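Novice: Got a structure for you, written out below as C-alpha cells; questions coming shortly.
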Amino acid sequence: MTDETKVKLEEAIVNLIKEYANKKRFKPGDVVKEMESKFSASGVTKDDVKTAIRDLTDSGRLIYGYAGGSFLALPE
Amino acid sequence: MSKKHKTPLLDELKKGKWPSFVNEIERAAEKSEMTDDLLGQVEQSYEEKVVHWKHGGMVGVKGYGSGIVGRFSDLPEKYPGIKEFHTVRINQPSGFFYTSDVLRSIVDIGEKHASSLFNFHGSTGDVQLLGAKTAELETIFQEYTKLGFDLGGSGSALRTPSCCVGKARCEFANYDAMHACNSITQAFQDEMHRPIFNYKFKFKFSACGNDCTASIARADLSVIGTWKDSIRIDQEAVKDYAKKFDLHKYVTDKCPTKCMSYNAEEGLKIDDSNCSKCMHCINTMPKALRPGTKGGATILIGSKAPMVSGPRLSMVLVPFYDIEEDAKNDYEWFKDLISKIWEFWDEYGVNRERIGELIQRVGIGNFIESIGLEPLPEMVASPRGNPFVLYEEYVEAGGEQG
Amino acid sequence: MAEVSGVKRITDIGPHDYNDFLHPVIKKNYGKWKYHEILSPSHMVHVSEDGDKIYTVRVGSPRLVSSSFIKDLCDLADKYSGGYLRFTTRNNVEFLLDKEENIKPLLDDVGKLNLPAGGIGNVVANIVHTQGWVHCHTAASDASGVVKSLMDELYEYYVNAQLPTKVRIAFACCLNMCGAVHCSDIAVLGIHRRPPRLIPDRIVNLCEIPSTIASCPTNVIRPDTYNGKPSVKLIEEGCVFCGNCFTVCPGMPIADPLNDGVSIWVGGKVSNARSKPAFSKLAVPFLENDPPRWPKVVEAVKTILDAYKKGAHNGERVGEWIERIGWPKFFKVTGFEFTKYHIDDFRLGEATLNYSAQIRQ
Ligand code: HEM
Ligand code: HEM
Ligand code: HEM
Ligand code: SF4
Ligand code: SF4
Ligand code: SF4
Ligand code: SF4
C-alpha cells in the first residue's frame with residue numbers, strides 16, 4: 001500500500017464513521033469488510049485496514065465505544 | 001464506618017465469621033474518600049432491592065478498545081464520589097503468582113489514583129480495580145505499564161486467557177499450562193486490546209481433566225491436559241492405600257470405563273487402551289498413581305453462558321494435541337488453528353454471536369470442514385440416531401453427479 | 001507507540017512474566033512434582049522427585065478487597081513465605097512456604113486477622129461470585145451480601161473437612177453469569193420475573209433497533225415506530241426475563257424490586273472425574289430478595305447440603321448422589337416442591353425428558 005493510498009484509506013474510514021454518526025454503530029470488523037471491498041483495486045488488505053484503524057485510534061481521531069459490542073466513533 | 005452515610009443494613013453484614021466485604025469497602029474508603037459514597041449507594045440498593053448503576057458513556061485509554069469497563073452511578077448528585085466508578089482490568093500473571101513487593105505496587109496505584117477497592121480476581125482472570133474516574137484512566141494505565149502490567153480484554157475482543165497452576169505446583173499437569181497461556185496471551189495482544197470480533201472470545205488452559213479453570217464451561221476454546229501412554233503405578237504405594245480404604249469400592253468400581261482391577265497378589269492393573277483419562281483413580285491415590293509421560297491436550301470449543309441461544313459446554317475439536325512439541329515451535333500450529341477459527345467466525349458469524357452458537361447454527365460438520373479438520377468419532381458421544389441426513393451428492397443413471 | 005502530552009506510552013506488553021514471581025523451590029522443581037498430601041483443610045504439601053517440599057497454606061478471601069487487605073497478606077508473606085503468594089481461581093489466597101515450622105505461626109497470624117484458613121479437601125470451597133449491586137448494572141440481586149451470609153453459615157464446612165467430597169457453590173447475579181456457576185454443585189442465580197419496561201424516548205435515541213430485536217432469544221421484540229422514528233414493541237407473553245435486551249438497549253430496564261430474586265440449581269460439575277461435566281439443574285425456581293441476609297436462600301442451601309451429607313456415599317459429588325437416588329427422591333428428601341417450571345420447555349429441552357420406563361418406584 002502506498003502512503004497516498006494509506007491517507008485515502010484513513011480519510012475514507014473517518015468519513016464513513018462521520019456519515020453514519022448517530023445512525024449506525026460501525027464495528028471494526030464491518031469497517032474492515034467495507035474498506036477491503038472499496039479499496040480492492042488498490043490492493044488494500046485486511047491487515048492494512050486494521051493498521052489504519054490502529055493508527056486512527058492511537059492518534060485519537062477515532063475512539064472505541066461499547067454498547068453490547070465494540071464500535072468505532074468520533075471523539076466526543 | 002461510613003463518614004457520610006448511615007448503613008444499618010450493610011452493618012448486619014459485618015457480623016459473622018466469614019471476612020466481610022463491607023469491612024473491605026470501609027477500609028478502602030479510609031484510603032480513598034470517593035469510596036465512602038459506594039457504601040451509601042449499596043445501602044440504598046439494599047433498602048430498595050434494586051441496582052443503581054447505569055449504562056452509557058464511552059471510556060477507555062487512547063488506542064485501546066478494551067480493558068476499561070465504564071460504570072456510572074444513576075444517583076450522581078447524591079453520591080458524587082462514585083459518579084464515575086469504572087473498572088480497570090489488569091492482566092494477571094499466569095497461575096496468579098505474585099511477590100509481596102509487586103502486589104504492594106499494584107494496590108498502591110489503586111490507592112493513589114482510584115477507589116482502593118479490588119477484585120482478586122475477576123471471573124475472567126484479571127485483577128480488577130473497581131472505581132476509577134475517567135480523568136485518571138490514562139495515568140493509571142501508564143503507572144501499570146511502567147510496573148510491567150497491561151490491561152485485559154473487554155468488549156468484542158479477546159479476554160485475558162487464564163490457566164491452572166500446572167507444572168508450577170501440580171503433579172497432575174500433562175503440559176505446561178502457564179507457559180502456553182502466557183505465550184498465547186502475548187501472541188494475541190492486538191486481538192485483546194483492539195476489538196475486532198463479533199463478540200468476546202476466551203481461552204482457558206487446564207493441564208488435566210480436573211479442569212481447575214472450569215474451561216469446559218466457560219471458555220470458547222478449552223485446552224485440557226491428557227496423556228497417550230500408561231498411568232504410572234507405584235505398586236507399593238497402592239498397597240498402602242489398600243490398607244487405608246476399600247480399593248474396590250472407592251477406586252476400581254468407580255472407574256467409568258471399568259478398565260482397572262486389583263487384588264493383593266497381582267496388584268493394580270490398568271488396561272490403558274481403554275482408560276478415558278478421567279483422573280478419578282489418580283485423584284484418589286495421588287501418591288501411587290501419576291498420569292503417563294507422553295503429555296498433551298484435548299482441544300474443545302464453544303462453551304458459553306445462556307445469552308442468546310442457551311448455554312453450552314465445550315465439545316471436542318482435537319482429541320490429542322501434542323502441545324509440548326508445538327511449544328518448541330512457539331505454538332505455531334495452535335496459532336494457525338486459531339486464525340482459521342477466527343476467520344470462519346469473521347466470515348460467517350453475526351454481531352454478538354459466540355463461536356459455539358455459530359457452530360450450532362451452521363453445523364459442526366460444516367465448521368470442521370471449513371477449518372480443515374477431519375470428522376472423528378471422538379467428537380461425538382455417539383453417531384446420530386435420526387435419519388434426516390443432508391447427503392450432499394447423488395448419482396444419476398448416466399453416472400453423472402447431481 | 002503513540003504519545004500523549006509528550007509522554008512515551010508503553011502499550012501491548014501483555015501480562016507480566018510469571019517467572020519473576022515464582023518461589024525458588026517452585027522454579028527448581030517446575031514440572032517435577034511427584035505427589036501431594038493434604039495435611040489439613042488449611043494446608044498441604046507437594047513433594048518433588050528430588051524430595052524437595054513446598055507447603056501451601058490456603059486462606060479464604062471475600063474477593064472484593066481493599067488495598068489494606070492485600071497489604072496485610074503481603075506482610076504475612078514477607079514474614080513466613082519469603083514474600084511469595086498466589087491466588088486460586090476461587091478467590092483463595094495461598095502462601096507458599098519452604099519451611100514447615102512457619103506453618104503454625106502463619107496460621108496463628110491468619111487467625112489474628114480474623115481470616116479463615118481452609119478450603120482444601122472435602123469442604124465447601126470458597127463461593128465464586130459476581131459483582132451484584134456493588135458494581136453491575138444488570139444485577140437482579142446482590143452478590144457479595146448473599147455470599148457473605150452463606151459463608152457465615154457454612155463456615156464450619158470451609159475450615160473442617162466433613163463432607164462426602166468437595167462441594168463447589170457459585171453465585172451469579174443475572175443470567176449473564178460472569179463466572180460459570182451453571183456447572184456447580186450448588187448454584188445460586190439472580191433472576192428477573194417481569195418483562196422489561198419500554199421507555200420509548202430512550203429507545204429511539206440510545207438504541208440500535210436491529211441489534212435490540214436480535215438480542216431476544218425468544219423473538220418477542222418486534223419493530224415498531226414512535227413519533228415517526230424506528231422503535232420496538234414487546235410481546236410480553238413470550239419473554240423469559242433474560243435481560244439481554246437491556247444489555248443492548250438501555251431503554252428497556254428490567255430490574256424490578258418486587259419481582260427480582262434468586263433461583264437455586266444443583267448437581268453440576270466441570271471436572272471430568274468419573275462422570276462427564278454437567279450443567280446444574282433447577283431445584284428452587286424463585287426466592288425473593290430479602291437483604292441484608294437472605295435467610296431463605298441460606299436455608300435452602302443448608303437443606304441441600306444436609307440432605308447430601310446424610311445421603312451421599314464417600315467421594316460422591318452432589319450430582320452423582322442425585323443421579324444415584326433419582327430426582328424424585330431428591331425432591332422428597334429436600335422437601336422442595338416440583339413445579340412445571342422444573343420441566344425444560346426451551347430449545348433442546350426435550351432432551352431432558354424421561355424416554356424410558358426406568359423409574360425407581
Ligand atoms: C456506562 C455505560 C456502560 C457500562 C458501564 C457498560 C458495562 C458493560 C459491561 C461491563 C459489560 C460486560 C463487558 C464484557 O465483559 O465484555 C457490558 C456488556 C454489554 N453492554 Fe454495556 N455498558 C454500558 C453501556 C452500554 C450501552 C449504552 C449499551 C447498549 C446500548 C450496552 C450494551 C451492552 C451489551 C449488549 C453487552 C454485552 C456484550 C458483551 O458481553 O460483550 N452497554 N456492558
Ligand atoms: C450479555 C451481556 C453482558 C453484560 C451486559 C455483562 C455485563 C457485565 C458487567 C456489568 C460486568 C461487571 C464489570 C465490573 O463492573 O467489574 C461484567 C463482568 C463480567 N462478565 Fe459480563 N456481561 C455480559 C455477558 C457476559 C457473559 C455472557 C459472560 C460469560 C459467560 C460474562 C462474563 C463476565 C465476566 C467473567 C466478568 C468479570 C466480572 C467478575 O469477575 O465478576 N459476561 N459483565
Ligand atoms: C444456576 C445459576 C447459574 C449461574 C449463577 C451461572 C453463572 C455463570 C457465570 C458466572 C458464568 C461466567 C463464566 C465466565 O467467567 O466466563 C457462566 C458461564 C456459563 N454458564 Fe452459567 N450460570 C448458571 C446457570 C447456568 C445454566 C443453567 C447453564 C446451562 C444450562 C449455564 C451455562 C453456562 C455456560 C455454557 C457458560 C459458559 C461461559 C461463557 O460463555 O464463557 N449456566 N455461568
Ligand atoms: S487442572 Fe489438573 S493439572 Fe491443572 S491444577 Fe488442576 S489438577 Fe492440576
Ligand atoms: S483415569 Fe479414570 S478411566 Fe483411567 S483408569 Fe483411572 S479411573 Fe479409569
Ligand atoms: S452476573 Fe450479571 S449482574 Fe452479575 S456481574 Fe455479571 S453481568 Fe453483572
Ligand atoms: S428480557 Fe430477554 S426474553 Fe424478555 S424481551 Fe428482553 S431479550 Fe427478550
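Novice: With a ≥ b ≥ c the root eigenvalues of the C-alpha gyration tensor of the stretch B:114-229, is it rounded (a/c under 1.5), prolate (a/b larger than b/c) or oblate?
Specialist: In terms of gyration-tensor shape, prolate.
Novice: Same structure again: Treating the angle as unsigned and between 0 and 90°, give the value, to the nearest 10°, between the Cα long axis of helix C:144-159 and the longest Cα principal axis of chain C.
Specialist: The angle comes out at about 40 degrees.
Novice: Using the alpha-carbon atoms, what tilt in degrees (0 to 90, nearest 10) does helix A:3-19 show relative to the longest principal axis of chain A?
Specialist: It works out to around 30 degrees.
Novice: Report in % the part of the accessible area of chain B that belongs to carbon and sulfur, leaving out ligands and nucleic acids; probe 1.4 Å.
Specialist: 51 percent
Novice: Excluding residues fewer than 8 places away in the same chain, name every one of the lysines whose C-alpha is closer than 16 Å to that of residue A:23.
Specialist: Partners within reach: C:229.
Novice: Another one. If you wrap a convex hull around the C-alpha atoms of the stretch C:219-274 and split its volume per residue, what is the figure in Å³?
Specialist: Dividing the Cα hull volume of the stretch C:219-274 by its residue count gives 160 Å³.
Novice: Would you calculate, for chain C, the mean residue ellipticity at 222 nm contributed by helices, counting each DSSP H stretch of 4 or more residues as -39,500 (n - 2.57) and dividing by all residues, to the nearest 500?
Specialist: Taken over chain C, the calculation gives -7500 deg cm²/dmol.
Novice: Which listed residue (C:155, B:278, B:139) has the Cα farthest towards the positive end of the charge dipole for the protein assembly as shown, taking +1 on Lys and Arg C-beta and -1 on Asp and Glu C-beta about the Cα centre?
Specialist: C:155
Novice: Follow-up. Take every residue in peptide C:127-134, count the Cβ atoms of other chains within 10 Å of its Cβ, and give the average of those counts.
Specialist: Mean shielding count: 6.
Novice: Report the residue, chosen from B:265, B:33, B:48, that carries the largest GNM mean-square fluctuation when chain B is represented by alpha-carbon nodes joined by springs under 10 Å.
Specialist: Taking springs between Cα atoms under 10 Å, the residue moving most is B:265.
Novice: Here is a further query. Could you work out the Rg to Rh ratio of the protein assembly as shown, with Rh taken as the Kirkwood radius (inverse of the mean 1/r over all Cα pairs)?
Specialist: Computed over Cα atoms, the ratio is 0.95.
Novice: From the Cα trace of chain B, what convex hull volume per residue do you get, rounded to a whole Å³?
Specialist: Hull volume normalised by residue count: 214 Å³.
Novice: Rank B:124, B:139, B:213 by mean-square fluctuation in a GNM of chain B with C-alpha springs under 10 angstrom and give only the top-ranked residue.
Specialist: B:139
Novice: For residue B:329 and residue B:1 in one chain, what is 0.36 nm times their gap in residues minus the Cα-Cα distance, to one decimal in nm?
Specialist: Gain in length upon complete extension: 112.5 nm.
Novice: Turning to a different aspect of this structure: For residue C:276, list the lysines whose Cα falls under 20 Å from its own Cα; do not include residues on the same chain fewer than 8 positions away.
Specialist: B:204, B:228, B:249, B:254, B:258, B:277, B:304, C:166
Novice: Between rounded, prolate and oblate, where does the stretch C:132-192 land on the alpha carbon gyration tensor, with a ≥ b ≥ c its root eigenvalues, rounded for a/c under 1.5, else prolate if a/b exceeds b/c?
Specialist: oblate
Novice: Need the list of lysines near residue B:4 for cross-linking: C-alpha distance under 17 angstrom, and skip anything on the same chain fewer than eight residues off.
Specialist: Filter leaves B:31, B:78, B:83.
Novice: Here's another thing I want to ask about it. If you count, for each residue, the other Cβ atoms within 10 Å and average over each peptide, how do B:317-328, C:35-46, B:349-360, B:79-90 line up from highest to lowest?
Specialist: In descending order of packing, they fall as B:79-90, B:349-360, C:35-46, B:317-328.
Novice: Pairs B:243/C:269; A:50/C:8; B:49/C:296; B:146/B:202; C:281/C:340: which are spaced more than 19 Å apart, C-alpha to C-alpha?
Specialist: Flagged as over cut-off: B:243/C:269; A:50/C:8; B:146/B:202.
Novice: Just order B:375-386, C:298-309 by mean Cβ neighbour count inside 10 Å, highest at the front, would you?
Specialist: With the highest mean Cβ count within 10 Å placed first, the list reads C:298-309, B:375-386.
Novice: Once you charge only the Cβ atoms, +1 for Lys and Arg and -1 for Asp and Glu, what is the size of the charge dipole of the stretch A:3-73 about its Cα centre, to the nearest 20 debye?
Specialist: 380 debye
Novice: Mean projection of the alpha-carbon convex hull of the stretch B:37-142 over all orientations, in nm²?
Specialist: Mean projected area of the Cα convex hull: 7.5 nm².
Novice: Something else now. Calculate the spin-label point distance for residue C:75 paired with residue A:51, positioning each point 7 Å from the Cα along the beta-carbon direction, and give it in nanometres.
Specialist: Roughly 5.4 nm, to one decimal.
Novice: Next question. Considering only protein heavy atoms and a probe of 1.4 Å, how much of the accessible area of the stretch A:3-73 is carbon and sulfur, as a whole percent?
Specialist: Its accessible area is 47 percent carbon and sulfur atoms.
Novice: For the stretch B:294-377, just the Cα atoms, rotate onto the principal axes and tell me the three extents in Å, largest first.
Specialist: 39, 23, 22
Novice: Follow-up question, since we're still on this one. From other protein chains only, count the Cβ atoms within 10 Å of every residue's Cβ in C:308-320, then give the mean.
Specialist: 1
Novice: Still on this structure, I have one more. 7 Å from Cα along Cα→Cβ at both residue C:38 and residue B:350: what's the point-to-point distance in nm?
Specialist: The modelled label-to-label distance comes out at 4.8 nm.
Novice: Can you put B:285, B:1, B:260 in order of accessible area, largest first, using a 1.4 Å probe?
Specialist: Order by accessible area, largest first: B:1, B:260, B:285.
Novice: How large are Rg and Dmax for the stretch C:194-238 when only the alpha carbon atoms are used, in Å?
Specialist: In Å, with Rg to one decimal and Dmax whole: 10.0, 28.
Novice: Hey, another quick one. In percent, how large is the relative contact order of chain B, given Cα pairs closer than 8 Å and 6 or more residues apart?
Specialist: 11 percent
Novice: Share of chain C's accessible area from carbon and sulfur, percent, 1.4 Å?
Specialist: The value for chain C is 53 percent carbon and sulfur by accessible area.
Novice: Could you give the distance between the Cα centres of the stretch C:286-322 and the stretch C:105-158, to the whole Å?
Specialist: So the two Cα centres are separated by 16 Å.
Novice: How well do other chains shield peptide C:86-98, expressed as the mean number of their Cβ atoms within 10 Å of each residue Cβ?
Specialist: Mean inter-chain Cβ contacts per residue within 10 Å come to 4.
Novice: Once you've got the GNM for chain C with C-alpha springs shorter than 10 Å, pick whichever of C:126, C:29, C:91 has the biggest mean-square fluctuation.
Specialist: So, out of C:126, C:29, C:91, the one fluctuating most is C:29.
Novice: Measure nothing but the geometry: give the 0 to 90° angle between the long axis through the Cα atoms of C:67-80 and the longest principal axis through the Cα atoms of chain C, rounded to 10°.
Specialist: Approximately 20 degrees, to the nearest 10.
Novice: If each Cα of the stretch A:3-73 is one equal point scatterer, what is log10 of I(q)/I(0) from the Debye formula at q = 0.18 Å⁻¹?
Specialist: The Debye formula, applied to the Cα set alone, gives -0.62.
Novice: Here's something else I'd like to know. Over what distance in Å are the Cα centres of the stretch B:229-267 and the stretch A:46-76 separated?
Specialist: What the calculation gives is 59 Å, centre to centre.
Novice: Moving to a separate point now. Once a ≥ b ≥ c are taken as the square roots of the eigenvalues of the Cα gyration tensor of the stretch B:232-290, is the result rounded (a/c under 1.5), prolate (a/b larger than b/c) or oblate (a/b not larger than b/c)?
Specialist: Cα axes put the stretch B:232-290 in the rounded bin.
Novice: Here is a follow-up. What distance in nm separates the two pseudo spin-label positions at residue B:276 and residue C:113, each 7 Å out from Cα along the beta-carbon direction?
Specialist: Between residue B:276 and residue C:113, the simple spin-label model gives 4.2 nm.
Novice: Compute the accessible area of each residue in the stretch B:49-79 twice, once for its chain alone and once with every protein chain present, using a 1.4 Å probe on heavy atoms, and list those whose area falls by at least 40 Å².
Specialist: B:49, B:50, B:51, B:53, B:55, B:58, B:62, B:63, B:71
Novice: What number comes out for accessible area per residue over the protein assembly as shown if the probe is 1.4 Å? Units Å², please.
Specialist: Normalised by residue count, the accessible surface of the protein assembly as shown is 41 Å².
The values are calculated or read from the model by the stated rules, or taken from the named source; none is laboratory data. Please read all numbers here as calculations on a predicted model, not as lab measurements. Methodologically, a virtual Cβ is constructed for each residue, glycine included, from the backbone with ideal geometry; neighbour enumeration extends over all protein chains shown. For the accessible areas, the whole protein counts, side chains as well, though only heavy atoms, and no ligand, DNA or RNA atoms are used. Shrake-Rupley method; radii C 1.70, N 1.55, O 1.52, S 1.80 Å.
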